[in-house]
Structures are given as C-alpha cells and as structure tokens.
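The values are calculated or read from the model by the stated rules, or taken from the named source; none is laboratory data. A quick note: this is a predicted structure, and the numbers were derived from the prediction, not measured. Because the Cβ atoms are built from the backbone with ideal geometry, glycine has one as well, and the counts that use them run over all protein chains shown.
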Amino acid sequence: MPNISRKKTVLWIIFLLQITFVSYAQDVNDYINRCQYQQAIAYIEQQNDTSKVAAMQKIACYTYLQNYYKAVEDLQLLQESYPDDVQIKTELALTYKKASMYQKSMDYFDELTKIDSTNTYFKIQKADVLFQLAQYDLALVEYKAAYDECGALNLLKQSAFCFEKMNQTDSAKYYYEYVWKMDSTDQNAMAKLIKINIDEQNFETALDYSESFIAKDTSNMQINFLNAFCHYELNDYLSAIERFEKCYAAGDTSRIVNSSLGTSYYFMNDYENALHYFNLAYRQDTTNNNVLYGLAQANSKLNNSAEAILCYEKLIQRTLSAITSMYVYHKGLADIYYLDENYEFAIENYKQALHYATPTQSVNVLSALAEIYDIRQENYPTAINYYRLYKESLVNYRQYAEIEKDSSNIRHISARINYVDKHLRYLEEKIKPENQ
C-alpha cells in the first residue's frame with residue numbers, strides 16, 4: 001500500500017506540473033495571439049523561464065516591436081549555448097535584415113547556404129540582401145537559382161528590377177512583360193513596364209501597354225494614371241483630361257494629377273478649369289515653380305493682372321540663378337504689365353528679360369521695347385535705338401535661318417527687316433525738326 005500511495009503522489013505531481021506548463025504556455029500564446037508583445041515579454045521574465053523555447057518567444061516579441069537591437073542581443077546570447085542551431089542562425093540573419101544591417105545579414109545567409117545548399121528559402125533571402133547591398137549581378141544569380149527550383153513569378157520580377165538598377169532596360173522590359181503575360185492581373189509588373197517606356201520617352205509603346213491592361217481592368221488607379229500621363233506627353237490633352245478626371249473622381253487628388261489637369265485644360269484653352277486645378281496643386285505644394293508658373297499663365301489669360309503679377313514676382317525671387325527660367329518669368333511679367341497698360345514696369349521687366357535672353361529670344365523682347373517707346377510713350381529717339389537693335393537681331397536671326405535652309409522663315413524675317421527699315425526712316429524724318 002505505501003508503494004501505491006507514493007506512485008499516486010508522483011503521478012499527481014506530474015499532473016500538476018503538466019497543468020502548470022500548459023497554463024503557462026497558454027498564457028504566453030494568448031498574449032502573442034492578441035499582439036500584446038510587451039506583456040508577453042514581461043510574463044516570460046516573471047516566470048524565470050530560461051529555456052530555448054521561452055527565449056525564442058521573447059526574441060519574436062522584440063522583433064514584432066521592432067526592437068531589433070534587443071532581439072539580436074538575445075539571439076547572440078542564445079547562440080553561445082546552441083552554436084550549431086540553424087533556427088537561431090536564420091533568425092539572426094532575418095533580424096539583421098529587418099534592421100537594415102545588410103552586411104551582417106549577408107554573413108549569416110552565406111553560412112546558412114553552405115550548411116544547406118538546396119534550401120530555396122535561403123537563396124531567396126540571400127538574393128534580397130544582395131539587392132539591398134546593390135550587388136545586383138550576384139542577386140540575379142540567386143534569384144535565377146531560386147526560380148529554377150520553385151518557379152515563383154515574383155522572383156522574375158525581382159530579376160527584372162535588378163536589370164533595371166543595372167540600366168539594362170531591355171532585359172528588364174523582357175522580364176516584366178514575361179511576368180505580365182504569365183499573370184495578366186500583375187499590376188506591378190505592368191506598371192514597371194510602362195514606367196520604363198515612359199522614362200525612355202517611348203510614350204506610344206507605354207500607352208499601348210496601359211490600354212491593354214485597362215481593357216481587362218478599368219479600376220486600377222496606378223495604371224489609369226500612367227495611361228493619362230502618356231496621353232498628356234503625346235499632347236492628346238482631351239484624352240488626358242478624361243483619364244486624369246477619372247483618376248481624380250476615384251480619389252487620386254495628388255499634386256501631379258491636379259497640375260496635369262491644370263496644364264491639359266490650359267492647352268485646351270479652358271483657362272477657368274486650368275486655374276482651378278493649378279490652385280489645388282499650389283495649395284498642396286507651394287514650393288513647386290512649375291505649378292506657380294501655371295498659375296501665372298492661367299491668371300494672365302483670364303486678365304487677373306494682380307494675381308498674375310504676384311505669381312511672376314514670386315517666381316523671379318525664387319529663381320535668381322536659373323537663366324532660362326529668369327527669361328521666361330521676366331518676359332511673362334512684362335507681358336502682363338503691358339496688357340495692364342503699366343508700361344514703366346513692362347519696360348523694366350523686358351530689359352531684365354534681355355539679360356537672360358538667347359539671341360533668338362531677344363528678337364521679340366527688342367520688338368516689344370521698341371513698340372512701347374514708339375507707340376505707347378512716343379519717346380521716338382529711344383524707340384529708334386531699340387528698332388536698330390531689333391533690326392540687328394533680325395539680321396542675325398536670318399543668318400541662322402539661312403544656315404538651316406528654312407526658306408519660309410527667311411522670307412518672313414526679311415519682310416520684318418524691310419518693315420523695320422521703312423519705319424526707322426519714318427521716325428528719323430519725324431524727329432529731324434527737333435534736331436535742327
């Protein structure tokens with residue numbers, strides 16, 4: 001009987017220990033399943049559990065909380081006790097990767113692929129790390145090996161991305177197109193294919209790809225935007241407006257959609273809508289000079305002189321070192337002052353524009369200055385000086401047209417020179433009595 005009693009006692013203790021262990025494990029798992037990772041860590045520490053299982057649970061919680069430093073620290077301590085444990089080495093490699101410590105991650109994946117050279121997962125992870133290290137040629141080798149083993153199309157997309165990074169765009173396009181042909185729902189592969197063609201200014205090809213995708217899926221916002229952008233770059237502003245408006249209605253109210261709509265409406269001579277969208281774009285990015293210039297132009301077309309002047313003045317203040325832009329902005333500001341009959345300010349800005357003008361651009365500026373002094377201010381001596389400069393610029397311009405053998409332009413320029421000659425003689429005769 002005593003022996004039976006002792007056996008019952010031992011069995012009862014074992015049963016209690018099992019219940020305690022199951023309860024402990026259940027509590028930890030409950031915390032983890034509810035994403036209460038900090039509470040799970042505290043609970044494990046309260047139990048003084050130093051087992052490998054508990055340590056790995058704590059490490060997983062640290063990783064979920066993005067406390068990679070602490071996760072690595074605990075993994076390294078655990079590795080000292082289990083130096084050949086593949087799971088620990090794998091977690092170290094992955095944690096270093098998540099922490100963007102790619103070289104340390106690479107060291108572990110190198111070791112893991114030597115331990116198990118047939119492991120496809122290790123090859124994929126190693127390829128990803130090599131990609132992050134900008135070692136694209138080596139990443140390609142690993143992606144190819146992994147694809148040959150498992151056939152995952154995403155690995156071909158990653159290969160295409162490697163080729164893209166290496167500026168081997170023909171290969172990149174081949175792989176992206178192959179992926180899309182194998183899976184016509186893959187919007188990422190199609191978007192990449194379209195973007196490369198856009199970057200290479202193959203807008204018609206990019207448009208064809210986007211149209212082929214939209215024929216199967218009209219709801220994809222990214223492809224719809226790229227389709228609209230292709231129409232925009234091909235100067236098909238009516239179609240661009242239709243597509244961009246669709247993007248806008250679907251919730252894409254980004255600055256680029258608003259500014260593209262503004263520009264498209266502007267070139268369709270719908271200045272009210274252009275102004276509306278340029279205003280929206282400007283509120284989203286007040287530092288964007290292209291949007292501000294669009295605002296200036298639209299306001300100018302609508303004779304909103306005060307608003308246009310303010311926009312041009314801001315542009316000039318922002319672009320003091322950009323010669324081409326300075327010409328455009330000063331010329332635009334002068335034009336609006338001219339339309340507003342504020343000729344002194346128009347003259348001031350035309351003269352500023354001359355500082356930045358190319359020889360061809362100076363033709364129109366000199367013509368405008370001569371005309372203001374002649375007709376608007378009746379300052380004939382100054383007008384004569386500018387007409388002479390204007391004639392000289394026309395002669396130089398005609399020489400350029402002769403080099404280009406542009407017969408139509410040569411005739412046009414020659415006619416202008418003849419007109420300026422006659423008008424100069426007229427003005428010189430007109431002011432003679434004043435000099436006698």
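For Leu427, indicate whether it is in contact (Cβ under 8 Å) with a residue 12 or more places away in the chain, more than 28 Å from Gly332 (Cβ to Cβ) and assigned to a helix (DSSP H, G or I). Against the criterion (in contact (Cβ under 8 Å) with a residue 12 or more places away in the chain, more than 28 Å from Gly332 (Cβ to Cβ) and assigned to a helix (DSSP H, G or I)), Leu427 qualifies.
Among residues of segment 305-323 that are more than 14 Å from Thr286 (Cα to Cα), those with a Cβ under 7 angstrom from a residue that is at pLDDT 80 or above and not in a helix (DSSP H, G or I), sequence gap 6+ or separate chain, pair up as Ser305/Asp340. Flag: Ile347 matches the condition of being part of a helix (DSSP H, G or I), modelled with pLDDT of 95 or more and of a type in the set (Val, Ile, Thr). Scanning segment 196-228 for residues that are more than 20 Å from Tyr248 (Cα to Cα) and either in a helix (DSSP H, G or I) or among the acidic types (Asp, Glu) (or both) turns up Ile196, Asn197, Ile198, Asp199, Glu200, Phe203, Glu204, Thr205, Ala206, Asp208, Tyr209, Ser212. Does segment 327-338 include one or more residues that are surrounded by fewer than 21 Cβ atoms within 10 Å (Cβ to Cβ), at pLDDT below 95 and part of a loop (DSSP other than H, G, I, E, B)? Within segment 327-338, none of the residues are surrounded by fewer than 21 Cβ atoms within 10 Å (Cβ to Cβ), at pLDDT below 95 and part of a loop (DSSP other than H, G, I, E, B). The single condition from (1) under 24 Å from Ala152 (Cα atoms); (2) within 18 Å of the chain's Cα centre (by Cα) that Ile198 fails is (1).
Every condition in (1) of a type outside the set (A, V, I, L, M); (2) in contact (Cβ under 8 Å) with a residue 24 or more places away in the chain; (3) exposed (fewer than 14 other Cβ atoms within 10 Å of the Cβ); (4) more than 18 Å from Asn224 (Cβ to Cβ) holds for Thr185 except the one numbered (4). The residue pairs whose first member lies in segment 48-66 and is within 14 Å of Tyr82 (Cβ to Cβ), whose second member is outside any helix (DSSP H, G or I), and whose beta carbons are closer than 8 Å, counting only pairs six or more residues apart or on different chains, are Lys52/Tyr82; Ala54/Gln47. For segment 367-420, taking the residues that are touching a residue at least 40 places away in the same chain (Cβ under 8 Å) and out of contact with any Asp or Glu (no Cβ under 8 Å at 6 or more places or on another chain), the one that is surrounded by the fewest Cβ atoms within 10 Å (Cβ to Cβ) is identified as Pro381.
I'm told Tyr174 meets every condition in (1) modelled with pLDDT of 95 or more; (2) among the aromatic types (Phe, Trp, Tyr); (3) buried (at least 21 other Cβ atoms within 10 Å of the Cβ) except one. Can you identify the failing condition by its number? Only one criterion is unmet by Tyr174, namely (3). The set of residues from segment 241-253 being under 19 Å from Asn279 (Cα atoms) and either touching a His at 6+ places or on another chain (Cβ under 8 Å) or in contact (Cβ under 8 Å) with a residue 24 or more places away in the chain (or both) comprises Ile241, Cys247, Gly251, Asp252, Thr253. Would you check if Ile59 is β-branched (Val, Ile, Thr), assigned to a helix (DSSP H, G or I) and within 22 Å of Tyr37 (Cα to Cα)? Taking the combined requirement at face value, the residue satisfies it. With respect to the conditions (1) acidic (Asp, Glu); (2) exposed (fewer than 15 other Cβ atoms within 10 Å of the Cβ); (3) in contact with a helix residue (DSSP H, G or I) (Cβ under 6 Å, 6 or more places away or on another chain), Glu428 lacks only one, and its number is (3). Within segment 229-240, identify whether any single residue is surrounded by fewer than 18 Cβ atoms within 10 Å (Cβ to Cβ), within 19 Å of the chain's Cα centre (by Cα) and part of a helix (DSSP H, G or I), and answer yes or no. Within segment 229-240 (the criterion being surrounded by fewer than 18 Cβ atoms within 10 Å (Cβ to Cβ), within 19 Å of the chain's Cα centre (by Cα) and part of a helix (DSSP H, G or I)), the answer is yes, since at least one residue qualifies.
Matching residues to (1) modelled with pLDDT of 95 or more; (2) among the small types (Gly, Ala, Ser):
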position: Ile214; (1), (2): no, no
position: Ser219; (1), (2): no, yes
position: Leu261; (1), (2): yes, no
position: Met268; (1), (2): yes, no
position: Asn273; (1), (2): yes, no
position: His276; (1), (2): yes, no
position: Tyr282; (1), (2): yes, no
position: Asn288; (1), (2): no, no
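For segment 202-240, a residue qualifies if it is without any contact (Cβ under 8 Å) to a residue 12 or more places away in the chain and not small (Gly, Ala, Ser), and the qualifying residues are Asn202, Thr205, Asp208, Thr218, Asp236.
When Tyr266, Tyr209, Tyr175, Tyr232 are checked against the criterion of being within 22 Å of Val291 (Cβ to Cβ), touching a Leu at 6+ places or on another chain (Cβ under 9 Å) and of a type in the set (Ser, Thr, Tyr), Tyr266 stands alone in meeting it. In segment 274-303, of all residues being touching a residue at least 24 places away in the same chain (Cβ under 8 Å) and in a loop (DSSP other than H, G, I, E, B), the one that is surrounded by the fewest Cβ atoms within 10 Å (Cβ to Cβ) corresponds to Asn303.
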